[in-house]
1. Please work out the average accessible area per residue across the chain, using the 1.4 Å probe convention, and give it in Å².
2. Using only the Cα atoms of region 26-75, build the gyration tensor, take square roots of its eigenvalues as a ≥ b ≥ c, and label the shape rounded, prolate or oblate: rounded if a/c is under 1.5, else prolate if a/b is larger than b/c, else oblate.
3. Return the calculated 222 nm mean residue ellipticity for the chain, to the nearest 500 deg cm²/dmol, obtained by summing -39500 (n - 2.57) across DSSP H runs with n ≥ 4 and dividing by the residue count.
4. When the accessible area of the chain is computed with all protein chains present and a 1.4 Å probe, what percentage of it is carbon and sulfur?
5. Any of Lys60/Lys190; Lys41/Lys190; Lys41/Lys300; Lys242/Lys318 with alpha carbons more than 24 Å apart? Name them for me.
6. What is the sum of charges around Pro111, taking Lys and Arg as +1, Asp and Glu as -1, for the other residues whose C-beta is under 10 Å from the C-beta of Pro111?
7. What fraction of the DSSP beta bridges in the chain is antiparallel, stated in percent and rounded to the nearest 5?
8. Taking springs between alpha-carbon atoms closer than 10 angstrom, which of Thr24, Thr42, Thr278 fluctuates most in the Gaussian network model of the chain?
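The values are calculated or read from the model by the stated rules, or taken from the named source; none is laboratory data. Note that this is a predicted model, so its numbers are computed, not measured. Cβ: placed from backbone, ideal geometry, glycine included. Neighbour counts: every protein chain shown. Heavy atoms of the whole protein, side chains included, go into the accessibility calculation; ligands, DNA and RNA do not. Shrake-Rupley method; radii C 1.70, N 1.55, O 1.52, S 1.80 Å.
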Amino acid sequence: MSIEVRNISKAFGSFRALDNVSLTVPDGKLVALLGPSGSGKTTLLRIIAGLEQADSVPGKAVLFAGQDVSDRGVGERRVGFVFQHYALFRTMTVFENVAFGLRSLPRRARPPKREIAAKVNELLALVQLTGLENRRPWQLSGGQRQRVALARALAIKPSVLLLDEPFGALDANVRQDLRNWLRRLHNEIKVTSLFVTHDQEEALELADVVVIMRQGRVEQIGTPDEVFHKPASEFVLRFLGKVNLFHGRNGTGADPAAPRSNGLRLLARPHEVEISLTATAESSVQARVARILSAGPSVKILLLEADGTEHHADISHKHREELGLTEGQTAYVTPVSFHTFLDHGAAI
Ligand code: ADP
Ligand code: MG
């Protein structure tokens, strides 16, 4: 069931948490809502779920499968919700937690006991928790708890699944595992899902489509490839990772009085710059090697220009050895490919 929101705004007092947001989650897809803390992600999710009312402006709508659900309450929308902080019932077993939604249905809609048990066992198998049905939430790891929360959300056969930073409180390794697992699970069950995160790597690896939010507005919507390779603004580029700024017309830094900018901003990611011991192009920038981090698949180098401007370079171990690069020495940073933005941040 597709989700569509149109012209959604939300003010808390004089503060605009959402400013005319429109987006679509196509049927069966997994869309990530990505943005810094405070950009309005949770507010949007709560409006979709029916937990919060959008401001009443002409043309505003929340549609499930093309039907306006604005007047439907939370219960009627049949939304599966998974939050960052495990909202499991502490006194209930894993089995009882997952069965809760089914047992709470009105008598005429409630399946017989045997069917509920079969359904719960099926869900526990799906989230790979068979055998743990009698544990209590506090006897589970964080990752296991979030899988119970997901099974519980799926038990009511939700029309859509909304996940609000579900892995936000977990360790990096567990997050990575659950991310891969959720992607495989989604391929299997294909429930239309909107996944909120402030972690760009998580969004890019997990989602079919990424919606990037900034201060209550949609900054860009695209596939992970599109937002990464064709960022619509400097904000998007910067949000997706470290960048190096080179001004439009930039000499080697030999003449400090030379104009540093023609109004264009050239930005290159750490893997898009080259390091050399002599200037190799007009755009080469002189900088001091401040830090070399070589414990990883590539070598990450932090360089500082005389005015304190930071540059980040990502080079191979082999290249670093060839250069004989050490901390404290002077080197040149040259963009090999770059993204160009106008002074106010729009891509050109
Ligand atoms: P995100 O989930 O992207 O971090 P939120 O949607 O939670 O952002 O919040 C967006 C902004 O709206 C924040 O600045 C937050 O402080 C504000 N906000 C959210 N809910 C309320 C509320 N009930 N009352 C007042 N301000 C709120
Ligand atoms: Mg939030």
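1. Accessible area per residue, the chain: 49 Å².
2. Note, shape of region 26-75 comes out oblate.
3. The helix-only estimate for the chain comes to -8000 deg cm²/dmol at 222 nm.
4. 50 percent
5. As for pairs spanning more than 24 Å Cα to Cα, those are Lys60/Lys190; Lys41/Lys300.
6. Neighbourhood net charge equals +4.
7. 75 percent
8. Between Thr24, Thr42, Thr278, it is Thr278 that shows the largest mean-square fluctuation.
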